[in-house]
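Encoded as structure tokens, the structure appears first; notes follow it.
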Amino acid sequence: MPEPLAKLMDFAARYTTAWCSQDAAKVAAFFAEDGSLTINDNEPAVGRRAITESVQSFMSAFPDLRVAMDDVKVDGDLAEYHWTLTGRNTGHGGKGNPVRISGIEVWEFGPDGLIRTSKGRFDSGEYRRQLAM
């Protein structure tokens, strides 16, 4: 594996571990101070505090949240992080339904080696369907 790809795979593996930690600040630490996380077509969460809040919403909804890294690809100056989230929606207001949803984040890195922008996407209709079952 070429060195840059090896570093990216290590970064993505550590990012995955952070998502599984139930500590949203650990996920936000992978972003530049002024980095942004956009999920589907929602307004981006800009800055580590906003990213922490966005990530915490998933962690709160799924106290047993697990994220698996499915693949990592390089696409020019961007990296693609493919993932699968599983968990039971037992957080506040949840119905206890199991959820399994896959998606992708497209990362652009800053000069500090942290994520400058992440544009995430998953099938929100399928997500809502699983929550409502």
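Below are the figures for this structure:
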{"read-out": "Any hit, region 76-85, residues being farther than 23 Å from Arg128 by Cβ, out of contact with any Phe, Trp or Tyr (no Cβ under 7 Å at 6 or more places or on another chain) and at pLDDT below 95", "value": "yes"}
{"read-out": "Any hit, region 65-87, residues being in a loop (DSSP other than H, G, I, E, B), over 16 Å from Ile101 (Cα atoms) and under 11 Å from the mean Cα position of the chain (by Cα)", "value": "no"}
{"read-out": "Condition check for Val106: on the phi < 0 side of the Ramachandran plot and either in contact with a Phe, Trp or Tyr (Cβ under 7 Å, 6 or more places away or on another chain) or not in a strand (DSSP E or B) (or both)", "value": "no"}
{"read-out": "Pairs where the first residue, in region 104-121, is aliphatic (A, V, I, L, M) and the second is assigned to a loop (DSSP other than H, G, I, E, B) and surrounded by fewer than 17 Cβ atoms within 10 Å (Cβ to Cβ), C-beta under 9 Å, 6+ apart", "value": "Leu114/Ala29"}
{"read-out": "Residue in region 66-73 that is over 21 Å from Leu5 (Cα atoms) and either of a type in the set (Ser, Thr, Tyr) or without any contact (Cβ under 8 Å) to a residue 60 or more places away in the chain (or both) present", "value": "yes"}
{"read-out": "Pick from region 1-41, criterion out of contact with any helix residue (DSSP H, G or I) (no Cβ under 7 Å at 6 or more places or on another chain), without any contact (Cβ under 8 Å) to a residue 12 or more places away in the chain and assigned to a helix (DSSP H, G or I), ranking: nearest to Val67 (Cα to Cα)", "value": "Thr17"}
{"read-out": "Number of the exception - Gly94 against (1) out of contact with any Leu (no Cβ under 9 Å at 6 or more places or on another chain); (2) within 19 Å of Ser54 (Cβ to Cβ); (3) outside any strand (DSSP E or B)", "value": "(1)"}
{"read-out": "Single match in Pro44, Pro63 (criterion: of a type outside the set (Val, Ile, Thr) and touching a helix residue (DSSP H, G or I) at 6+ places or on another chain (Cβ under 9 Å))", "value": "Pro44"}
{"read-out": "Top-ranked residue in region 91-103 [being buried (at least 16 other Cβ atoms within 10 Å of the Cβ) and either among the basic types (Lys, Arg) or at pLDDT 95 or above (or both); ranked as nearest to Asn42 (Cα to Cα)]", "value": "Gly103"}
{"read-out": "Extreme residue, nearest to Val106 (Cα to Cα), among residues of region 33-53 that are in contact with a Leu (Cβ under 7 Å, 6 or more places away or on another chain) and surrounded by 19 or more Cβ atoms within 10 Å (Cβ to Cβ)", "value": "Gly35"}
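Every residue, every condition in (1) exposed (fewer than 14 other Cβ atoms within 10 Å of the Cβ); (2) among the hydrophobic types (A, V, I, L, M, F, W, C), yes or no:
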| site | (1), (2) |
| --- | --- |
| His82 | no, no |
| Val106 | no, yes |
| Thr117 | no, no |
| Gly125 | yes, no |
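The values are calculated or read from the model by the stated rules, or taken from the named source; none is laboratory data. Computed from a prediction, not measured in an experiment: that's the story for all the values here. As a convention, Cβ positions derive from the backbone with ideal geometry for all residues, glycine included, and neighbour counts pool all protein chains shown.
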